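Encoded as structure tokens, the structure appears first; notes follow it.
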Amino acid sequence: MSYTFRGTLCGALCGDYTEQLSNVTVRLYRHRPDTNVTALAVANPNDTFALLSGDQVKDKSKLMIAETTTDEAGNFSFSLGEKQKYNGDAFEVDVYCGTVPHRVPGHKDPTPRQFSITTFQPAWKQTSEGEFVAIWNYCISYRYWCYIRSLYDAWVIFGRLTACVDGSPIWGATVSAIDTDWIQDDPLGSAVTDVNGNFRIDYNSDAFKVTPFSPWLNFEWTGGPDVYFKATLGPDLILDEPSSTGRSPGRENIGPCFCVDLCSKSAQIPTEKIPHWETVWGFDIHPDAGLVGSTFSAEGYAGGPGSSYVFSGGVPMRGNCPLTSLATGNALQYRFLYGAYTWPGGAAAQNDPAVIPSVAPAGLTPVTRIVPTVVGHIDYTDAFSVHSIHDVVITNADLDANGWVTLPLQGRIITLDMHNGTTTNVMLSAFNFLRTDDLMVLDSNDITGPLLGAPAIGAGDSLRVEQQEPIRRYKLQFEVKDASTSASVYTDVLSSIVLSNSQPVKLIGMEELFLNLCNPLGGVNTAHVLYTVDHPHLSSFSLAISSNLSPPDVHGPANPLPPPTPNGNTAMPTSNFLLPGPNPNFFFRGGASGSHNATFTGGFPVDISGDPSCAYRVSITWQTRQYLDTSHSIEILYCR
């Protein structure tokens with residue numbers, strides 16, 4: 001048996017703020033024979049958390065099953081089996097920290113610590129023969145994680161700076177935290193707010209224990225600093241708290257994890273000055289996929305259950321990237337990245353059309369191929385004093401190997417047509433540039449890559465599993481950086497979106513015309529229709545037989561089909577991804593009539609015994625859930 005145990009670890013700091021437990025060691029241990037494993041496995045982790053001594057760690061070393069290190073995002077993964085002598089039982093989860101994330105080095109090196117989180121019995125899910133997977137995402141409570149951080153002398157202030165008048169975030173401001181002291185005020189640190197107004201200041205106790213007599217005399221009258229704040233936006237001081245604020249309730253003697261909301265009465269940032277990614281086409285990416293109120297489902301389908309759209313071809317990413325940074329005045333660059341979800345169960349389980357891929361991307365790839373995108377316009381007056389507009393377009397040539405727009409828009413030389421046979425060059429700037437809401441139109445064909453292609457089958461045949469296009473699910477990420485310093489300015493993520501560039505498989509025929517397409521059906525009582533329609537994101541399909549007589553549909557679509565006569569069905573098949581409804585069936589792919597056979601009686605039998613002599617049309621109509629797709633049809637004709 002093979003067991004894959006993976007997940008993510010984080011620690012709560014204060015309020016809604018958490019941090020990923022990056023680069024820590026996760027250890028799994030067996031329990032001693034005399035342990036009540038059941039009681040421990042059902043206990044709340046808050047009741048089982050324990051900081052271990054060196055002797056305790058040493059004593060349990062012989063019980064270790066395996067250990068691994070988390071990545072920068074706090075993700076971990078174990079592969080367990082015969083080598084580890086593991087058979088699916090409960091185990092104890094410990095974390096060993098040489099340090100903690102974002103710790104500011106002090107005058108003393110930290111002492112490594114190990115703590116037990118809980119006893120965990122994975123809910124193993126079988127993915128293939130002999131292979132099981134379990135996922136565990138856990139965030140250590142504020143009470144315990146901040147205590148652990150304090151052992152490493154790691155102090156943190158999380159905050160948000162907004163405009164007092166309307167609560168809008170202030171981006172690019174420098175916030176400074178200062179400790180009020182009897183002898184001198186001590187700067188704890190500073191940070192620049194992100195586009196949501198959030199900031200984080202990390203420091204250690206040296207910052208507030210220092211006195212003019214250091215290093216001979218360091219002291220603080222109380223356990224923590226008494227904090228007040230100042231903030232600047234460019235050259236302007238937009239927040240200026242008095243030193244006495246540090247002696248007020250809630251600010252005095254703060255702990256190792258502290259959260260604060262600040263507001264400025266003198267600053268308000270226009271929306272167009274804040275970088276943001278807003279929509280895919282017209283579908284808002286906030287809240288993220290699967291969250292309450294999101295326009296994207298957890299699986300990545302857009303527009304709600306009744307639509308469940310996927311995207312193909314050129315896919316517009318819409319939002320805003322200012323020309324320059326409010327914090328530094330430097331030009332900005334941006335890019336998009338993508339990562340493909342894969343299927344659990346190893347190489348043999350990949351591209352399974354009956355399973356939505358659920359293993360999150362291990363890494364992201366820059367988007368380097370796009371559809372030419374109009375990102376803005378330059379207003380100017382031509383040689384005849386006529387107001388004119390020039391489109392500013394980015395193409396593949398504007399992206400470097402890492403997906404960044406190679407030259408910042410700010411400062412680009414743009415050649416304008418003066419409409420008298422001459423041109424003139426201008427420098428793009430905030431004074432002449434009007435941005436559209438298109439950041440980039442992704443070429444999704446480059447992302448989805450080679451497709452399976454049309455299968456070698458006949459009308460009526462069902463596709464084999466290996467001939468069916470799978471569901472292709474992706475993660476998208478938007479990044480903005482300072483072009484001069486390469487410092488990250490903004491990041492946003494859509495955790496799940498479905499892209500599809502596959503074409504429907506659609507075939508239609510008739511047994512009676514199999515050898516001769518001009519064969520009249522004459523006195524035949526039963527027509528045998530051969531059809532196949534298949535697509536991984538089919539919305540609906542229907543068949544019909546019509547003629548020039550009234551009504552047009554002699555045999556229209558019906559679901560369910562009425563009872564057949566001895567000669568066959570009187571109505572034609574139809575279905576859609578919401579039947580029986582209202583919940584979508586993401587694995588609805590269409591259908592097939594059944595194959596041609598040697599007696600020419602295969603396919604879907606239709607009772608045409610009562611149909612008068614006329615020319616007839618057998619059609620199949622379909623529509624996919626690819627956004628903006630319309631209905632399509634093919635047909636075959638016969639005479640009776």
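The values are calculated or read from the model by the stated rules, or taken from the named source; none is laboratory data. Because the structure is a prediction, the values reported are computed rather than measured. Every residue, glycine as well, gets a Cβ built from its backbone with ideal geometry; the counts of neighbours run over all protein chains shown. Remember, those area values only see protein heavy atoms, side chains included, never the ligands or the DNA or RNA. Shrake-Rupley method; radii C 1.70, N 1.55, O 1.52, S 1.80 Å.
Out of everything in the range 494-545 that is β-branched (Val, Ile, Thr) and crowded, with 20+ Cβ neighbours inside 10 Å, what residue ends up being farthest from Ala459 (Cα to Cα)?
Ile497
Within the range 586-640, restricting attention to residues that are β-branched (Val, Ile, Thr) and not in a strand (DSSP E or B), which residue is least open to solvent (accessible area, probe 1.4 Å)?
Ile608
Among (1) assigned to a loop (DSSP other than H, G, I, E, B); (2) within 30 Å of Ser205 (Cβ to Cβ), which single condition is Ile117 missing?
For Ile117, the exception is condition (1).
Out of all the residues in the range 1-35, which are touching a Gly at 6+ places or on another chain (Cβ under 8 Å), closer than 20 Å to Glu72 by Cβ, open to solvent by less than 40 Å² (accessible area, probe 1.4 Å) and of a type outside the set (Val, Ile, Thr)?
Leu9, Cys10, Glu19, Leu21, Ser22
Quick one: which of Leu476, Leu507 is aliphatic (A, V, I, L, M), within 24 Å of the chain's Cα centre (by Cα), assigned to a strand (DSSP E or B) and modelled with pLDDT of 95 or more?
Exactly one of Leu476, Leu507 is aliphatic (A, V, I, L, M), within 24 Å of the chain's Cα centre (by Cα), assigned to a strand (DSSP E or B) and modelled with pLDDT of 95 or more, namely Leu476.
Looking at Asp55, Asp94 in this structure, which one is part of a strand (DSSP E or B), charged (D, E, K, R), within 30 Å of Gly255 (Cβ to Cβ) and modelled with pLDDT of 90 or more?
Asp94
I'm trying to understand the selection: among the residues of the range 349-367, which are open to solvent by 50 Å² or more (accessible area, probe 1.4 Å) and assigned to a loop (DSSP other than H, G, I, E, B)?
Across the range 349-367, the qualifying residues are Gln350, Asn351, Asp352, Ala354, Val355, Ser358, Ala360, Ala362, Leu364.
Would you confirm, using the coordinates I've provided, whether Thr180 is of a type in the set (S, T, N, Q), more than 30 Å from the chain's Cα centre (by Cα) and surrounded by fewer than 17 Cβ atoms within 10 Å (Cβ to Cβ)?
No.
Take Pro275 and decide whether it is open to solvent by less than 70 Å² (accessible area, probe 1.4 Å), in contact with a Phe, Trp or Tyr (Cβ under 6 Å, 6 or more places away or on another chain) and either β-branched (Val, Ile, Thr) or more than 30 Å from Asp437 (Cα to Cα) (or both).
no
Would it be correct to say that Ile238 is modelled with pLDDT under 95, open to solvent by less than 30 Å² (accessible area, probe 1.4 Å) and part of a strand (DSSP E or B)?
So Ile238 fits the description; yes.
Give just the number: which of (1) over 14 Å from Glu635 (Cα atoms); (2) among the polar types (S, T, N, Q); (3) at pLDDT below 95 does Asn567 not satisfy?
(3)
Taking the range 290-315 on its own, how many of its residues are over 16 Å from the mean Cα position of the chain (by Cα) and either under 30 Å from Ala483 (Cβ atoms) or of a type in the set (A, V, I, L, M, F, W, C) (or both)?
Result for the range 290-315: 1.
Only residues that are buried (at least 19 other Cβ atoms within 10 Å of the Cβ) and within 24 Å of Arg247 (Cβ to Cβ): list them for the range 154-177, please.
Trp155, Val156, Ile157, Phe158, Gly159, Arg160, Leu161, Val175, Ala177
Taking the conditions exactly as written (under 30 Å from Ala231 (Cβ atoms) and either of a type in the set (Phe, Trp, Tyr) or open to solvent by 30 Å² or more (accessible area, probe 1.4 Å) (or both)), does Glu72 satisfy them or not?
Yes; evaluated as a whole, the condition is true for this residue.
Please state which one of Asp461, Asp438 is open to solvent by less than 50 Å² (accessible area, probe 1.4 Å), modelled with pLDDT of 95 or more and more than 24 Å from the chain's Cα centre (by Cα).
Asp461
If we keep just the residues of the range 127-153 that are part of a helix (DSSP H, G or I) and of a type outside the set (A, V, I, L, M, F, W, C), which is most open to solvent (accessible area, probe 1.4 Å)?
If we take residues in the range 127-153 being part of a helix (DSSP H, G or I) and of a type outside the set (A, V, I, L, M, F, W, C), then Arg143 is most open to solvent (accessible area, probe 1.4 Å).
Need pairs with beta-carbon distance below 9 Å; first residue under 18 Å from Val310 (Cβ atoms) and touching a residue at least 24 places away in the same chain (Cβ under 8 Å) and within the range 275-290, second among the charged types (D, E, K, R) and open to solvent by less than 30 Å² (accessible area, probe 1.4 Å); sequence gap 6+ or separate chains.
Ile285/Asp492
Which residue pairs have Cβ atoms closer than 8 Å, lie 6 or more positions apart in sequence or on different chains, and pair a first residue in the range 566-590 that is free of Cβ contacts under 8 Å to residues at least 40 places away in the same chain with a second residue that is among the basic types (Lys, Arg) and open to solvent by 40 Å² or more (accessible area, probe 1.4 Å)?
none
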